[in-house]
Structures are given as structure tokens and as C-alpha cells.
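Notes follow once the structure below has been shown.
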Amino acid sequence: MSNFQEYTYELAELDRQFKTQNPTDVLQFCYNYFGNRLQQQRQYLWSQKQKAASQGLVLFPSADESAQEAQRKSIPQFKYTLSDNDPHTKHQALDSEDPQAKSTTEPAAGLFRTSFESSPFNTSAPTSKASLGPTDSVETAKPTSRSGFAASAAKTTMRINANRRTSVSAEALNPDTFGEDGWKPPVHQFTSEQLQRLNASVIKNFLFSQLDQESLKTIIFALEEKHVPQGFEIIKQGDEGDFFYVVERGSVDFYVNGQKVNSSGPGSSFGELALMYNSPRAATAIAQSECILWALDRMTFRRILLEGTSKKRTMYENFLKEIPVLKSLSSYERSKLADALNTETYTVGQNVVTEGEAGENFYFIEDGTADVIKQGQGVVTKLNKGDYFGELALLYDSPRQATVKASSTLKVVTLDKSGFQRLLGPAVEVLKLQDPTKH
Ligand SMILES: Nc1ncnc2c1ncn2[C@@H]1O[C@@H]2COP(=O)(O)O[C@H]2[C@H]1O
Ligand SMILES: Nc1ncnc2c1ncn2[C@@H]1O[C@@H]2COP(=O)(O)O[C@H]2[C@H]1O
């Protein structure tokens, strides 16, 4: 594109955004628009340059080698000239791994009441329903989240990784640098009633179960309570990811290209993909009913939850693909299932489940063999890699119908009761059809 073409493109895009959003503060809107564009472009060029450098190519050659070397080491920063306290100015560099960038972008606490709040710039506001009003509980929390503008700005920015999933590990943040780079998680204040609710539901989310106490505490205090009305568009497909959400109450529907693909209820979470892969939002999320959500900012998600989550998804991805009973699950449903799995190992002769006892888990055999034994009948079935067991007690809320004993070293992947009820989707019908007591 020639400079002139680029210039006309930018003006046309600004014009389009302006007409869609109809801002009240014209200059501020233009300032924010170009600020974000410039910053995104600098970061994009920098990332391209790094990629090329890793393959021995030099992009944008400079005569001054030492300046080039210095540049290679740090992301060139574009700095805003307005004060950080400007309520319209919450920049995209929030996600930058560069500490300098963050120190210039964190808004002063208290300026933003809630990131869902209707603002002249917020195109994520519901199309037809009333906008979200801050609840008492929201107001008790000190918001440090993105402004409404950030959400709308996402639409105007160049899509760095549009429609492409980059590898998580390549982008993972280095835990060794925690604390050294100035990053601090948001710390909200909760009422005792809020803490009780968090304890009762949200904390039980699978993604949090892998965390040590310290990380769990960080996550909890970084959460922000959001109340959204029925019909509210929480996430828009194609937007940039800002928050990860856990549903405390209500349910959320997901649409990909206008088609409903999924829905999820209390205890579930969503909005992780864009944060994990630095990709645009993969689906639109709309509140099917009034919802209470807990939102976790992108940076805290990436710093604390990214590694464990991506490790689990990678670890179980291939295994789950091979299990016949799970063939009806979409790859996204398999990923969510992977989040909820754990591995246990049993030695020969050990019981995994015992006939007559209550059932808490469902099992897939990852490696090894097991015998299914019924009192008075002996071994009724032998199980191998890829087989499952323990579904009957969970399907029918009944005691275990048989004992399952390891007949060699046995590695099993476990799914607890709540995951079984929420994450197996269409596979539950297949499990019912294959009930071994009926064959
Ligand atoms: N079938 C699906 N495909 C993609 N995303 C889905 C699907 N079902 C639910 N989602 C959620 O919708 C979210 C939209 O934002 P993210 O892409 O960040 O993360 C996505 C998932 O958490
Ligand atoms: N013939 C069988 N009768 C009962 N349970 C069986 C049989 N064959 C395999 N099983 C598995 O053994 C498991 C014992 O725990 P559950 O009853 O939860 O679920 C049972 C089935 O998954």
C-alpha cells in the first residue's frame, strides 16, 4: 500500500468507527483511535522482525548496528502524551510483556466503575437490552480493568493473529520473571458475602484446582464481579480478548458466525481461548438469562492460569481424540473436558472403585489393564487402554455396580462428578446406550 492509500484507509476506518460509535468527545476519540493503531502497528512490526531474526533474516535494516541490536532487545514503545489518568485512555499495551509499557498504561484505580459500563465508545454494549448497571457488589470492588473503550478499540486495531492460533508455549510468559518486571495483579476488596459466594462456587472451577494456595489467592482477589442482564453480549466474536469469565449464576450461549454452538451454566468458564492463543475471540457469548460472572483480567490469566491450562489441554488432547465414546464431542468440548481431567496411577491388585460404594469419579484408562469384578460372579470384564468405567454410579446416582481392580500398573484419567455432568454433553447418551449391565 502506498502512503496515500494507507492514509485514506485509516481515515475511512476512523470515519466508519466514528459513525458506529458516535462518541461525545470527538478529539479524544480520534486520539485514542490513532494511538491504538500506532501502538498495534509498532508491536506487530516488532514481532515480525523478531520472527524474521530467528530465521536469520533482517527486516528493516539499519545502518547503525548497535542501535539495531538495542532495538532487538526491547519492544519499541509508543507513549501517549496524555496523563495516565485520562479515563478514555486505557491502551492496548496492557498485554504487552514489556514492563515499561504496563507502567504507562495502567489506569488510576477508581476512574472506571466497570468494564461493562456503557460508554460512548463501548460497542460491546447490548444491542437491544439495557446496559449493565453497576451492582452494589461491583462497586465494592476496586476496578482496575479495561475501560469500555478498550473493547471497542479492539475492533479498530490491526488483528495481529487474526484467525490463527499461535502456540501457547511460544507465547507463554516466563514465571521466573514474576515480580521483576513490575507486574502486579489487581487486588479487589470483597464483602464477606462475596467471599462466601466465591468459596461456594467459583473457586471450585477446574482451572483453579491445579493452583497452589498463593496463586489461588492471587486469582481470587483479581476477580471482578459482573452482573449482566439477559441478552447481554459479553463477548463478541472477532474482538480482542480482555477477560476470562467464570459463571456463578445463570447461563451463557455461544455463537460462531451466528450459529449457536454451545451453552454453559454455573461453575463453567469461558473466554480463555483468545487469552491463551492471542487470537481474536472465537465465539460471541450472550447471557441467556441474567448472570453473575466473575471476570479475570487477561494479564493475571496469562501469568497464573495459562501454563497449567495449556499443559493439560496438550497432554490430554490426543488421548481424548482416540476415545470412541467421545467422538461426538467437538474439539472445543474436548478441550474443556481436558481442563477438568486429572491422572491417577494404581499398582497391580489395587481397587480403583469398590462395589457398593458411592461414586465420585468417572475413569478412562490411559495405560495398563483392569478387571471388573462382581460379587458372586468373579471377573466379568477385562478393561484395556482407552476403555472407561465408573459411569453407572454417576449416571444413575447409584452405588458402584462392580469393583474395578488394576491387573497391571494402571494409569487412569479421572473426571469428577460435576465435570461428568457438565462436560460430556452428547457422550452421556452414548454411555447410557452402552450400559454394561444391559448387555
Ligand atoms: N464451540 C466453541 N468454539 C469456540 N469457542 C467457544 C465455543 N463454545 C464456547 N466457546 C467460548 O467462547 C469464547 C469466546 O471467547 P474466546 O475465544 O476467548 O473463548 C471462547 C470459549 O471460551
Ligand atoms: N457387567 C458389568 N456390571 C457392572 N459394572 C460393570 C460391568 N462391566 C463394566 N462395569 C463397570 O464397572 C463400574 C463400577 O462402577 P460403576 O457402577 O460406577 O460403573 C461400572 C461400569 O463402568
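Collect the residues in segment 194-210 that are charged (D, E, K, R) and open to solvent by 60 Å² or more (accessible area, probe 1.4 Å), keeping them in residue-number order. Hit for segment 194-210 is Lys204, nothing else. For segment 379-394, filtering for residues that are open to solvent by less than 30 Å² (accessible area, probe 1.4 Å) and more than 6 Å from ligand 2 (Cβ to nearest atom) leaves 3. A residue that is surrounded by fewer than 21 Cβ atoms within 10 Å (Cβ to Cβ), more than 16 Å from ligand 2 (Cβ to nearest atom) and among the acidic types (Asp, Glu) can be found somewhere in segment 302-313.
Among the residues of segment 322-370, those identified as open to solvent by 50 Å² or more (accessible area, probe 1.4 Å), closer than 24 Å to Gly308 by Cβ and within 16 Å of ligand 2 (Cβ to nearest atom) are Glu344, Glu360.
Looking across segment 328-348, the residues that are of a type outside the set (Val, Ile, Thr) and either assigned to a strand (DSSP E or B) or closer than 12 Å to Val404 by Cβ (or both) come down to Asn342, Glu344, Tyr346.
The sole residue among Ser310, Ser331, Ser279 that is at pLDDT below 95, within 11 Å of ligand 1 (Cβ to nearest atom) and closer than 25 Å to Glu366 by Cβ is Ser331.
The values are calculated or read from the model by the stated rules, or taken from the named source; none is laboratory data. Just so you know, these numbers come straight off a predicted model, no measurement behind them. Every residue, glycine as well, gets a Cβ built from its backbone with ideal geometry; the counts of neighbours run over all protein chains shown. Heads up: the accessible areas ignore ligands, DNA and RNA and are worked out on the full protein's heavy atoms, side chains in. Shrake-Rupley method; radii C 1.70, N 1.55, O 1.52, S 1.80 Å.
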